[in-house]
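The next block holds one structure in the form of structure tokens; read it before the comments.
The values are calculated or read from the model by the stated rules, or taken from the named source; none is laboratory data. None of the values given here were measured: they were computed from a predicted structure. Here Cβ is always computed from backbone atoms with ideal geometry, including for glycine, and neighbour counts include all displayed protein chains.
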């Protein structure tokens, strides 16, 4: 079915006025489900903040709120490492967002859940009270302490935290691995997730994205350190088998509990495992098939066997050679669709995989367009992406990964207004 693409002027694209709501025969949840079933609705679904990699940096969010004329209130940072803002209902409404995160509190947490802090640019904000953040006397930045040691570091002048501790880095034998305790979701957390999922299902018409995570490659990198785990994969052997076996077993056990709690209420289970760099996959296809894919298949197929949920995989970078294997493993939705990476051309992706994958992202290039183009140029760029990805469904609009701290609010508004201006015919 043909699509009707907007051609807004720069002034209209950059407008910060409230957009009028057009009548629709579809709820947001129905709109997303149609996209996942490769069917068209009235417009493409829109996501902002449905999971950590479809969100917005708190610094950019503060500027966006001011640009839209909203009251000055402390920004709430729900994700400390990536410095991501909690997207509030008025912003979700303004940009026609159809998706809600199961993990994001959306103001439901009591005031004592939060404590004051300041963003790297000095903007006042609130962060979870349980985060143990301390000044780093050595670098002039900040440290996040976990389990009695500095686990995350933000250097002076940086905008984000990065891992500074890898608990299994020094281990060399399977015997050592067997002594490592395996984290489990608590009964208290499961009860909270179930109540929240049920409330969202019954009290909103939004599609609910359950932010499970469930990484394998990233878990290995986190536990061992990137360089050491890459060597593990190259060397193979019993230690790697036991390490990956323990990761998958832990993830599968927690996933079973997670699905029992929320599977009747949510529509999408989100996993994350970055497999790509800017110009190639992080590991070869044969290495992926040998070591990572079996665990992916076990987890993804468990979702399909035990729920009606779609499997969402966040995987950055140039991953084109791995996409057929991801589909075989059970991926239904691919994010962030990093079209600026090598071999990730939108036309090629839609032509070769558009009947088997829903592309959740790819709607605007956040590396080369969103930071630097004018609002009018961004509107044209978004229209071009919609023309490629939208026909036949299978597309949820989101830029490639998070909206970064330096993005002008006019560009953010132009991007979402261009997406909302699109209608199927």
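Can you pull out every residue in region 299-336 that is in contact with a helix residue (DSSP H, G or I) (Cβ under 6 Å, 6 or more places away or on another chain), surrounded by fewer than 18 Cβ atoms within 10 Å (Cβ to Cβ) and either touching a residue at least 60 places away in the same chain (Cβ under 8 Å) or closer than 23 Å to residue 51 by Cα (or both)?
306
What number goes with the only condition from (1) out of contact with any strand residue (DSSP E or B) (no Cβ under 7 Å at 6 or more places or on another chain); (2) at pLDDT 95 or above that residue 46 does not pass?
(1)
Out of region 85-113, which residues are part of a strand (DSSP E or B) and either more than 21 Å from residue 211 (Cα to Cα) or touching a residue at least 60 places away in the same chain (Cβ under 8 Å) (or both)?
Passing the criteria: 99, 100, 101.
Kindly evaluate residue 378 against the criterion of being part of a helix (DSSP H, G or I), within 21 Å of residue 65 (Cβ to Cβ), more than 21 Å from the chain's Cα centre (by Cα) and modelled with pLDDT of 95 or more.
yes
Okay, residues lined up against (1) assigned to a helix (DSSP H, G or I); (2) modelled with pLDDT of 80 or more; (3) touching a strand residue (DSSP E or B) at 6+ places or on another chain (Cβ under 8 Å); (4) surrounded by 22 or more Cβ atoms within 10 Å (Cβ to Cβ):
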| site | (1), (2), (3), (4) |
| --- | --- |
| 7 | no, no, no, no |
| 12 | yes, no, no, no |
| 32 | yes, yes, yes, yes |
| 39 | no, yes, no, no |
| 53 | yes, yes, yes, yes |
| 76 | no, yes, yes, yes |
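Can residue 422 be described as at pLDDT below 95 and touching a helix residue (DSSP H, G or I) at 6+ places or on another chain (Cβ under 7 Å)?
yes
Looking only at region 387-401, count how many residues are crowded, with 24+ Cβ neighbours inside 10 Å and either assigned to a helix (DSSP H, G or I) or modelled with pLDDT under 95 (or both).
Here the count works out to 1.
When residue 390 is evaluated against the numbered criteria (1) out of contact with any helix residue (DSSP H, G or I) (no Cβ under 6 Å at 6 or more places or on another chain); (2) within 25 Å of residue 62 (Cβ to Cβ); (3) in contact (Cβ under 8 Å) with a residue 40 or more places away in the chain, which criterion, by number, is the only one it fails?
That leaves (2) as the condition not met.
Of 355, 406, which residue is in a loop (DSSP other than H, G, I, E, B), out of contact with any helix residue (DSSP H, G or I) (no Cβ under 9 Å at 6 or more places or on another chain) and surrounded by fewer than 21 Cβ atoms within 10 Å (Cβ to Cβ)?
When all the criteria are applied, what remains is 355.
For region 412-425, what are the residues that are in a helix (DSSP H, G or I), touching a residue at least 60 places away in the same chain (Cβ under 8 Å) and out of contact with any strand residue (DSSP E or B) (no Cβ under 8 Å at 6 or more places or on another chain)?
Answer for region 412-425, where residues must be in a helix (DSSP H, G or I), touching a residue at least 60 places away in the same chain (Cβ under 8 Å) and out of contact with any strand residue (DSSP E or B) (no Cβ under 8 Å at 6 or more places or on another chain): 413, 414, 417, 418.
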